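Read-outs: derived from the displayed coordinates by stated rules, not from any lab. Note that the coordinates shown come from a computational prediction; the quantities given were computed from them, not determined experimentally. Glycine gets a Cβ as well: all are built from the backbone with ideal geometry, and neighbour counts include every protein chain shown.
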Amino acid sequence: MFEIFDEQARRALFFARASLLETGGGAILEQHLLLGVVREAPEAVTRFADPAAWASARVRDPVMRSADPDWTLARMRDQLLVTTNAGARLAPSVEVPFSDTAMALMKAAAELGQATSPARVRPEHFVLAMLLVPNAAAPLLAEAGVTADPIRAFLAQSSEP
């Protein structure tokens with residue numbers, strides 16, 4: 001399956017694994033996948049976020065009130081780290097499985113990638129899959145105002161010759 005992932009998507013998976021190694025746990029979760037996307041390709045989230053949703057999230061946060069999109073990404077990272085099931089830290093040499101939900105998201109992203117941009121999966125496909133398949137990372141995307149239709153339109157446009 002990984003052969004159809006572009007370089008950024010592969011690096012997002014690498015950073016998802018790195019996030020797990022930092023926080024501990026027994027499997028790469030969907031939260032780790034979103035952390036990997038945010039680290040490797042933040043524009044895969046910020047390009048589709050609704051500034052009005054960010055503004056309402058900033059009002060609820062008593063510490064951070066910046067209009068900078070990096071604020072939302074930092075808040076998203078913090079929230080994702082809180083929701084991961086921390087456990088024993090693993091050695092970098094240990095092979096780490098993907099959780100069932102993370103695997104379902106990767107399969108959905110692969111299917112979406114084959115349908116919208118032949119034989120290539122981009123980080124935006126991960127984000128779209130997170131919006132379409134029920135998972136624990138989806139509420140953070142919703143809070144940032146990220147919805148599926150703008151991502152679909154972007155992917156359709158970017159796959160045109």
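Sort SER99, SER158, SER19 so that the residue with the fewest other Cβ atoms within 10 Å of its own Cβ comes first and the one with the most comes last. Each step should come with its number before you reach the end.
Working: SER99 20, SER158 12, SER19 24.
If I rank by nearby Cβ atoms, fewest first, I get SER158, SER99, SER19.
Ranking of VAL45, VAL94 by neighbouring Cβ atoms within 10 Å, starting from the fewest: VAL94, VAL45.
Taking amide H as placed 1.01 Å from N in the peptide plane, the amide H of VAL121 sits under 5 Å from that of PHE5, ASP6, each at least 5 places away or on another chain. Extending 7 Å from the Cα toward the beta-carbon at both ASP149 and GLU111 defines two label points whose distance is 2.3 nm.
Can you tell me the order of 121-131, 136-146 when each peptide is scored by its average per-residue count of other Cβ atoms within 10 angstrom, highest first? Let's see the in-between values first.
Details: 121-131: 27.5, 136-146: 19.5.
Taking the mean over residues of other Cβ atoms within 10 Å, the ranking is 121-131, 136-146.
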